[in-house]
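This report concerns only the one structure given below.
The values are calculated or read from the model by the stated rules, or taken from the named source; none is laboratory data. Bear in mind the structure is a predicted one, so any value in this text is a computation, not a measurement. We place every Cβ from the backbone using ideal geometry, glycine too, and count neighbours over all the protein chains shown. Just the protein is used for accessible areas: all its heavy atoms, side chains included, with ligands, DNA and RNA removed. Shrake-Rupley method; radii C 1.70, N 1.55, O 1.52, S 1.80 Å.
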Amino acid sequence: MKRSLLSATGKRAAPVLLLAAALLIGLTASVWAAWGSNLRGGLFSNLQAGLTPTPTRTPRPETPESQIATVELVIVAPTATPTSIPATPVPEVSPTPVEMPPLLAQVVKDYGLDPARRFVVVDVSDQMMYVWDPGAPVRQMPVSTGDTTRGYRTPAWYGLVGVYWGTFQTRGVYADEGWYLYQDSGDILVHSAPYKLVNGEKVYQEMDALGNYPASRGCIRLAPEDARWFTEWSPEGAPFIVLPRNEG
């Protein structure tokens, strides 16, 4: 009786077990279907990644955009390279001493003049004037002095050149570059040769007398160019000697 009951119970439980087994198999299949692909893909991918790494693409560096920079152009002038060659000193040139003519040397002795100072000498006998300036050549200029045949004279004298008269007029004639010397019967000056104005032009008189014979009324006449030079020499205050006439 007991055996029959177990048989009957086993017969009823068999379909239940089969159904449960089927449900379990179906559930397992569903889970496997859902998870299996992921497991296989992931496992395969991890395995493949471990065996052959997939190369990654290195990003290309970005090239910066070119910009135009403003450059200020500066031109630098080359500087001269100083040389180390010493400059050759220029030797000092000593002025050549000027020999004093015997006539002037005698005047210096007779009148006690200082040869280191400038002075002027008029030799009435030779109708010549000498200008002494230390360190410069002696200036020798022809003159014409007072005409004694007409009652005029240029007496011997020693003094200093006076003031500048410039151009002046006397007895209908003109004279330039006048310098006052002293007083005799009238004013004695040294000046240019006399002239008259003809149509605005200077017509000089008795130019041939210069250096040859006395022709003035007492003044000491010079050629126009010599008179200009004498003024440029600035004679005011310089010693002036008129030597006495040599009657021999």
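Quick one: is residue 213 over 30 Å from residue 134 (Cβ atoms), touching a helix residue (DSSP H, G or I) at 6+ places or on another chain (Cβ under 8 Å) and open to solvent by 70 Å² or more (accessible area, probe 1.4 Å)? Criteria not met by residue 213.
Taken together, 175, 136, 116 contain a single residue that is open to solvent by less than 70 Å² (accessible area, probe 1.4 Å), among the aliphatic types (A, V, I, L, M) and assigned to a loop (DSSP other than H, G, I, E, B), which is 136. Selection of region 98-113 for residues being more than 47 Å from the chain's Cα centre (by Cα) and open to solvent by 50 Å² or more (accessible area, probe 1.4 Å) yields 102, 103, 106, 109, 110, 111, 112. Summed over region 178-191, residues that are under 51 Å from the mean Cα position of the chain (by Cα) and open to solvent by less than 20 Å² (accessible area, probe 1.4 Å) total 6. Within region 191-233, the set of residues being among the small types (Gly, Ala, Ser) and either assigned to a loop (DSSP other than H, G, I, E, B) or without any contact (Cβ under 8 Å) to a residue 24 or more places away in the chain (or both) comprises 193, 200, 211, 215, 218, 223. Taken together, 160, 210 contain a single residue that is closer than 28 Å to residue 118 by Cα, of a type in the set (A, V, I, L, M), over 50 Å from the mean Cα position of the chain (by Cα) and at pLDDT 95 or above, which is 210. Taking the numbered list (1) more than 20 Å from residue 151 (Cα to Cα); (2) surrounded by 15 or more Cβ atoms within 10 Å (Cβ to Cβ) in turn, residue 194 passes all entries but (1).
Restricting to region 170-186, name every residue that is over 21 Å from residue 234 (Cβ atoms) and not β-branched (Val, Ile, Thr). Passing the criteria: 171, 172, 174, 183, 184, 185, 186. Residues satisfying the criterion are present in region 234-245 (criterion: surrounded by fewer than 17 Cβ atoms within 10 Å (Cβ to Cβ) and free of Cβ contacts under 8 Å to residues at least 40 places away in the same chain). Using the structure shown, decide if residue 206 is out of contact with any Ser or Thr (no Cβ under 6 Å at 6 or more places or on another chain) and at positive phi. It is true that residue 206 is out of contact with any Ser or Thr (no Cβ under 6 Å at 6 or more places or on another chain) and at positive phi. Taken over region 169-183, the residue count meeting the criterion of being over 23 Å from residue 119 (Cα atoms) and either in contact with a His (Cβ under 8 Å, 6 or more places away or on another chain) or among the β-branched types (Val, Ile, Thr) (or both) is 3. Residues in region 141-164 that are surrounded by 15 or more Cβ atoms within 10 Å (Cβ to Cβ) and either on the phi > 0 side of the Ramachandran plot or polar (S, T, N, Q) (or both): 144, 145, 154. When region 124-139 is filtered for residues that are small (Gly, Ala, Ser) and under 40 Å from the mean Cα position of the chain (by Cα), the ones remaining, listed by number, are 135, 136.
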